1. Only residues that are loosely packed, with under 12 Cβ neighbours inside 10 Å, farther than 14 Å from residue 105 by Cβ and at pLDDT 80 or above: list them for the range 138-162, please.
2. Does residue 58 satisfy the criteria of being at pLDDT below 90 and touching a strand residue (DSSP E or B) at 6+ places or on another chain (Cβ under 7 Å)?
3. Report the residue count in the range 1-46 for those that are farther than 18 Å from residue 170 by Cβ and modelled with pLDDT of 80 or more.
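The values are calculated or read from the model by the stated rules, or taken from the named source; none is laboratory data. All of these numbers come straight from a predicted model, not from anything done at the bench. All Cβ positions, even for glycine, are placed from backbone atoms using ideal geometry, and neighbour counts span all protein chains on display.
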């Protein structure tokens, strides 16, 4: 039995299905593997787009703004409570005064511990002057921190793991056939 398969590629097996097994099983395995690979690729694509936006914010022009208020918002979700720092600031660009709460480009920073969020906010004091990075194409798009400081991104690891899992499942299924 083994000698009949030596030298044959899986796509050229005598069985008419894709991977040499039952059609419904092959279809299920290909669908599952494709889903893993697609989810991982979409996660990596989203990170790449966010990184491009983050890098662009570092080259935006700046203006001086004023902190209007500082607070920490509590948001409960399935796995617990998240603490989101909120800094409301105003700035003037091209004669227009604007108000914003965006701290960083992309996903806003948050913590699971209120004291960590408060420590982050220590650098912002009400009525203090701050440097505001604004998008020259859309001055209403502004941030206080152009770079996120290279924080670890678990989504990157998860995206790569899903892609590898998809290919690994395909190889193992083919090997078991």
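1. Within the range 138-162, just 157 meets the criteria.
2. Numbers: at pLDDT below 90: yes; touching a strand residue (DSSP E or B) at 6+ places or on another chain (Cβ under 7 Å): no.
Considered against the rule, which asks whether it is at pLDDT below 90 and touching a strand residue (DSSP E or B) at 6+ places or on another chain (Cβ under 7 Å), residue 58 comes out as no.
3. Kept after step one, since they are farther than 18 Å from residue 170 by Cβ, are these residues of the range 1-46: 1-4, 6-7, 14, 16, 42-46.
Pick out the ones that are also modelled with pLDDT of 80 or more and you get 42-46.
Residues that pass the stated criteria total 5.
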